[in-house]
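Chemist: Right, I'll just put the structure down here and ask away after.
The values are calculated or read from the model by the stated rules, or taken from the named source; none is laboratory data. If you're wondering where the values come from, they're calculated on a predicted model, not measured in any experiment. Note that each Cβ is placed from the backbone with ideal geometry, even for glycine, and that neighbours are counted across all protein chains shown.
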Amino acid sequence: MDLKNKNLNVPITIVSIVIPVLVAILFYMPKPDLHPGFDIRILPLFHAILNSATAVLLVASLYFIKNGHPKAHKTANLIAVVLSVIFLLSYVTYHALAPETRFGDINHDGIVDAAEKATVGSIRYVYYFLLLTHIVLAAIIVPFVLFTLLRAFQHNYEKHKKIARITWPIWFYVAVTGVIVYMMISPYYH
């Protein structure tokens, strides 16, 4: 597919807006009484594995490009994008079907009372900071990844390199914090 002369700014902008809006809507929609045929409680671990693999691929991608291996760089990035798409589809599935999990909800009653807050202590502020920055940057990274890829496929390597310097650290942060957030909240899944 020749993307050299195609202007995909509008479709990328639309996708970049639609994805976070749909994800946000999911959190406010009532959960349907669907049974997907497997235990959806395995999905958060699956998401952490996808995020871990994405982080490793991003480090490999950076290594490859800095050491003159553009084909390996391209392959690592494309696999990272595929894993991110799988993550997004699985994440949407999980949050459409699963009950909300609250950080610190030791007894799994859906309420974090004063005693549970005291038990968790100030680590919850670290959790919420990581979660908030992860969510905000996860929404922001979509157009950056898409425009970075587009510039590469258009063989506009100067613009690709320029935007990749912004994209890479944000994407890496999102991938790593996704794993950390999972590890921190996993004791509270029911």
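Chemist: Would you please name the residue that is surrounded by the fewest Cβ atoms within 10 Å (Cβ to Cβ), looking only at residues in segment 51-68 that are among the hydrophobic types (A, V, I, L, M, F, W, C) and free of Cβ contacts under 8 Å to residues at least 24 places away in the same chain?
Modeler: That would be V56.
Chemist: Also: Please go through segment 1-49 and pick out each residue that is at pLDDT 70 or above and among the acidic types (D, E).
Modeler: D33, D39
Chemist: Also: Can you pull out the residues in segment 137-184 that are without any contact (Cβ under 8 Å) to a residue 60 or more places away in the chain, within 10 Å of the chain's Cα centre (by Cα) and surrounded by fewer than 19 Cβ atoms within 10 Å (Cβ to Cβ)?
Modeler: Across segment 137-184, the qualifying residues are L137, Y173.
Chemist: Within segment 21-64, work out how many residues are closer than 17 Å to I170 by Cα and among the β-branched types (V, I, T).
Modeler: 3
To keep it simple, each residue is scored yes or no on (1) within 23 Å of K161 (Cα to Cα); (2) in a loop (DSSP other than H, G, I, E, B).
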| site | (1), (2) |
| --- | --- |
| P30 | no, yes |
| H35 | no, yes |
| L43 | no, no |
| H47 | no, no |
| A60 | yes, no |
| I65 | yes, no |
| A72 | yes, no |
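Chemist: Mind telling me which of the residues T101, T133 ends up being under 21 Å from V174 (Cβ atoms), among the polar types (S, T, N, Q) and modelled with pLDDT under 90?
Modeler: T101
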